[in-house]
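Let me begin by presenting the structure, written as structure tokens, before commenting on it.
The values are calculated or read from the model by the stated rules, or taken from the named source; none is laboratory data. Keep in mind that this is a model prediction, so the values were computed, not measured. For neighbour counting, all protein chains shown are included, and Cβ atoms are generated from backbone atoms with ideal geometry for every residue, glycine included.
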Amino acid sequence: MSTTTTTESAELAPVRTDSLAELLVAEERPPRPSAWSASLTFGWRAILKIKHVPEQLFDVTAFPIMMVLMYTYLFGGALAGSPKEYIQFLLPGILVMSVVMITMYTGVSVNTDIEKGVFDRFRSLPIWRPSTMVGYLLGDALRYTIASVVMLTVGMILGYRADGGVPGVLAGIALLVLFSFAFSWIWTMFGLMLRTEKSVMGVSMMVIFPLTFLSNVFVDPRTMPGWLQAFVNNSPVTHLASAVRGLMAGDWPADEIAWTLGWAGLFVAVFGPVTMRLYNRK
Amino acid sequence: MSTQTSGLAIETAGLVKTFGETRAVDGVDLTVPAGTVYGVLGPNGAGKTTTVKMLATLLRPDGGEAHVFGHDIVREADEVRGRVSLTGQYASVDEDLTGTENLVLLGRLLGHRKPAARTRAAQLLEAFGLTDAAGKQVKHYSGGMRRRIDIAASILNTPDLLFLDEPTTGLDPRSRNQVWDIVRAVVAQGTTVLLTTQYLDEADQLASRIAVIDRGKVIAEGTKGELKASVGAGSVHLRLRDAEQRPLAADLLRRALDARVQAEPDPVALTARLAAAASHDTAAEQAARALSELARAGVTVDNFSLGQPSLDEVFLALTGHDTRVSDASDTSDTSGQDDSHDPKDEVAA
């Protein structure tokens with residue numbers, strides 16, 4: 001009536017308890033990884049995710065190209081006489097604007113990722129607590145670098161010339177990536193604070209649009225009304241755009257660089273701890 | 001700072017966790033000796049997962065205290081994290097990464113250098129029969145494979161205490177048995193396991209001590225034997241050749257064994273539950289006597305078995321409600337409800 005032959009499932013090999021037992025024999029546990037090493041490992045995780053889902057690079061390739069082309073030809077003739085002349089002013093600014101805009105995807109990915117079971121495991125590991133978040137941002141730093149290189153290439157094709165040469169360009173990109181890394185702690189905070197992906201996106205838009213447009217990215221602030229100048233001249237995005245523009249032009253605008261670094265420090269100091277508080281409570 | 005001297009893996013006192021109005025965990029006291037499998041048994045929503053999450057330092061308790069190997073789970077959370085590992089109810093691995101990548105990632109996070117992490121990952125995948133799937137993203141794994149990679153991730157560094165939160169929920173019976181084999185292998189090497197489950201036979205199979213938890217409270221605790229003894233000594237299951245003889249058989253059994261006799265949905269099946277201390281005979285002796293009574297009365301028995309009471313019965317006896325609240329279980333007590341008559345020993349000779 002009943003035969004007790006076990007049906008072997010085709011694809012799944014049996015568990016080998018003998019070799020399992022050997023593996024379980026407690027070895028000396030390796031020392032805990034350093035904060036930096038744990039963060040790098042999470043950065044590696046972010047890169048693996050890009051490897052498995054390369055479509056997510058769309059926002060750091062197609063989107064920046066679109067931004068450069070769109071604004072160069074849209075405003076170039078009216079603001080500077082020709083697109084070719086305008087791009088000399090616009091490129092560092094649009095680079096800053098696009099990369100700062102791209103940072104907001106960090107919040108969305110944190111928000112969708114944090115609900116997954118794997119975070120329970122990460123949070124139960126004896127590692128430096130912020131390393132998961134730092135890892136995200138390290139992965140994102142790679143994305144920002146890709147976006148910068150793409151935009152610079154398009155800009156050069158359109159006629160942009162960086163008088164600062166290779167060192168100026170590299171320093172400009174480095175400053176931009178560093179600032180974006182610091183600024184992203186706002187998004188990790190929102191990603192952990194808000195309940196749905198949609199609300200994260202909504203809030204991000206509310207922050208990012210005024211912050212990036214109300215700056216000196218497109219035009220000289222001197223044409224703006226006084227009250228707006230007051231905001232624009234003190235915006236971190238303006239300082240960053242001025243610093244990057246200066247570096248790429250071969251100047252070393254120490255004030256603007258210092259302002260940018262100061263803002264970056266402030267973002268980490270304020271939003272870093274808030275993020276970690278939310279992370280520990282999740 | 002006594003760490004191991006107590007010999008206790010977990011000790012909690014009055015552990016409480018509230019979510020808004022609900023007290024998900026309402027004063028849980030647990031004492032788990034090191035080196036054993038401790039089962040926490042209860043229906044959905046009883047507070048099992050919340051308890052485990054507190055002990056694994058993922059949730060802060062709102063009241064009471066708990067120590068894992070002598071370390072306070074709040075003040076010494078980092079010490080606790082160094083000695084435990086957690087396999088959650090939902091796969092606690094990254095679904096976007098491959099099996100190998102997941103294990104290497106965790107190996108690195110646990111402090112292994114890359115070559116060592118790679119070797120360990122390959123060995124674990126091999127032992128868990130996942131070598132063929134090593135390069136596939138975990139989201140393409142079957143339920144059984146996910147469970148395996150999940151447990152593999154938990155034992156990358158052999159933990160002193162492993163939390164298994166409903167490790168076989170949703171698995172087919174075969175995968176379930178394999179997870180059980182894994183658990184047994186892990187315990188054999190000295191790891192303490194805290195296993196939560198809503199499957200009573202799972203706790204029965206694996207755990208040496210069991211806490212039954214319901215609505216955030218521990219309602220019973222003890223060895224399997226103790227828990228079962230609180231309900232009865234065991235049951236005799238019979239299948240008769242002729243359904244017509246069932247009332248007669250039930251009557252005979254009730255008198256011969258002084259037992260609650262229950263008619264099963266199958267019209268020829270009967271179960272007699274032996275009372276715990278009704279007799280100084282062993283359950284086997286009582287059963288033998290019952291069989292001879294039946295034979296003398298001309299009742300033909302096709303099939304006979306003697307079993308310990310199931311934990312389902314334990315749960316029912318302890319809580320007064322079924323393990324599955326919504327689903328009225330199919331045990332219809334049609335006869336033998338009457339267990340009020342006092343145990344008269346009819347031991348013959």
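For A:Gly76, the conditions (1) surrounded by fewer than 19 Cβ atoms within 10 Å (Cβ to Cβ); (2) away from chain B (no Cβ under 14 Å) are fulfilled apart from (1). Quick one: in segment B:46-79, which of the residues that are free of Cβ contacts under 8 Å to residues at least 12 places away in the same chain and more than 9 Å from chain A (Cβ to nearest Cβ) is surrounded by the most Cβ atoms within 10 Å (Cβ to Cβ)? Selected residue: B:Glu76.
Candidates are the residues of segment A:130-162 that are of a type in the set (Val, Ile, Thr) and away from every other protein chain (no Cβ under 12 Å); the one that is surrounded by the fewest Cβ atoms within 10 Å (Cβ to Cβ) is A:Ile157. For the residues A:Val200, A:Val177, the requirement of being under 24 Å from A:Val110 (Cβ atoms), at pLDDT 95 or above and of a type outside the set (S, T, N, Q) singles out A:Val177.
Does any residue of segment A:183-194 turn out to be under 27 Å from A:Pro92 (Cβ atoms) and either free of Cβ contacts under 8 Å to residues at least 60 places away in the same chain or not in a helix (DSSP H, G or I) (or both)? There is at least one residue in segment A:183-194 that is under 27 Å from A:Pro92 (Cβ atoms) and either free of Cβ contacts under 8 Å to residues at least 60 places away in the same chain or not in a helix (DSSP H, G or I) (or both). Take segment A:220-268 and flag every residue that is acidic (Asp, Glu) and part of a loop (DSSP other than H, G, I, E, B). Once the filter is applied, which keeps residues that are acidic (Asp, Glu) and part of a loop (DSSP other than H, G, I, E, B), segment A:220-268 yields A:Asp220, A:Asp251.
Among the residues in segment A:63-70, are any under 30 Å from B:Thr192 (Cα atoms) and either of a type in the set (D, E, K, R) or more than 9 Å from chain B (Cβ to nearest Cβ) (or both)? Checked segment A:63-70: no residue is under 30 Å from B:Thr192 (Cα atoms) and either of a type in the set (D, E, K, R) or more than 9 Å from chain B (Cβ to nearest Cβ) (or both).
Within segment A:122-141, one or more residues are closer than 21 Å to A:Arg245 by Cα and either part of a helix (DSSP H, G or I) or not aliphatic (A, V, I, L, M) (or both). All conditions in (1) without any contact (Cβ under 8 Å) to a residue 40 or more places away in the chain; (2) at negative phi; (3) under 26 Å from the mean Cα position of the chain (by Cα) hold for B:Gly129, with the sole exception of (2). For segment B:80-97, a residue qualifies if it is within 8 Å of another protein chain (Cβ to nearest Cβ) and crowded, with 24+ Cβ neighbours inside 10 Å, and the qualifying residues are B:Val84, B:Ser85, B:Leu86, B:Gly88, B:Ser92, B:Val93, B:Asp94. One residue stands out among those in segment A:21-45 that are under 21 Å from B:Leu162 (Cβ atoms) and not in a helix (DSSP H, G or I): the one that is farthest from the other protein chains (Cβ to nearest Cβ), which is A:Glu28. Picking from residues in segment B:184-212 that are within 13 Å of chain A (Cβ to nearest Cβ) and surrounded by fewer than 23 Cβ atoms within 10 Å (Cβ to Cβ), the one that is nearest to B:Glu313 (Cα to Cα) is B:Arg184.
Tell me whether segment B:220-235 contains one or more residues that are β-branched (Val, Ile, Thr) and in a strand (DSSP E or B). Yes, segment B:220-235 contains a residue that is β-branched (Val, Ile, Thr) and in a strand (DSSP E or B). Taking segment B:94-210 as the region of interest, the helices (runs of 4 or more DSSP H) fully inside it that hold 3 or more residues being at pLDDT 90 or above and not polar (S, T, N, Q) are B:99-109, B:114-127, B:143-154, B:173-188.
Residues are listed down the side, and each one gets a yes or a no for (1) out of contact with any Lys or Arg (no Cβ under 9 Å at 6 or more places or on another chain); (2) aliphatic (A, V, I, L, M); (3) surrounded by 17 or more Cβ atoms within 10 Å (Cβ to Cβ); (4) in contact (Cβ under 8 Å) with a residue 40 or more places away in the chain:
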{"site": "A:Thr212", "(1), (2), (3), (4)": "yes, no, yes, yes"}
{"site": "A:Phe218", "(1), (2), (3), (4)": "yes, no, yes, yes"}
{"site": "A:Thr223", "(1), (2), (3), (4)": "yes, no, no, no"}
{"site": "A:Leu228", "(1), (2), (3), (4)": "yes, yes, no, no"}
{"site": "A:Phe231", "(1), (2), (3), (4)": "yes, no, no, no"}
{"site": "A:Val237", "(1), (2), (3), (4)": "yes, yes, yes, yes"}
{"site": "A:Ser242", "(1), (2), (3), (4)": "yes, no, yes, no"}
{"site": "A:Met248", "(1), (2), (3), (4)": "yes, yes, yes, yes"}
{"site": "A:Ile257", "(1), (2), (3), (4)": "yes, yes, yes, yes"}
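If the condition is being among the small types (Gly, Ala, Ser), surrounded by 21 or more Cβ atoms within 10 Å (Cβ to Cβ) and within 14 Å of chain B (Cβ to nearest Cβ), then segment A:92-129 contributes only A:Ser124.
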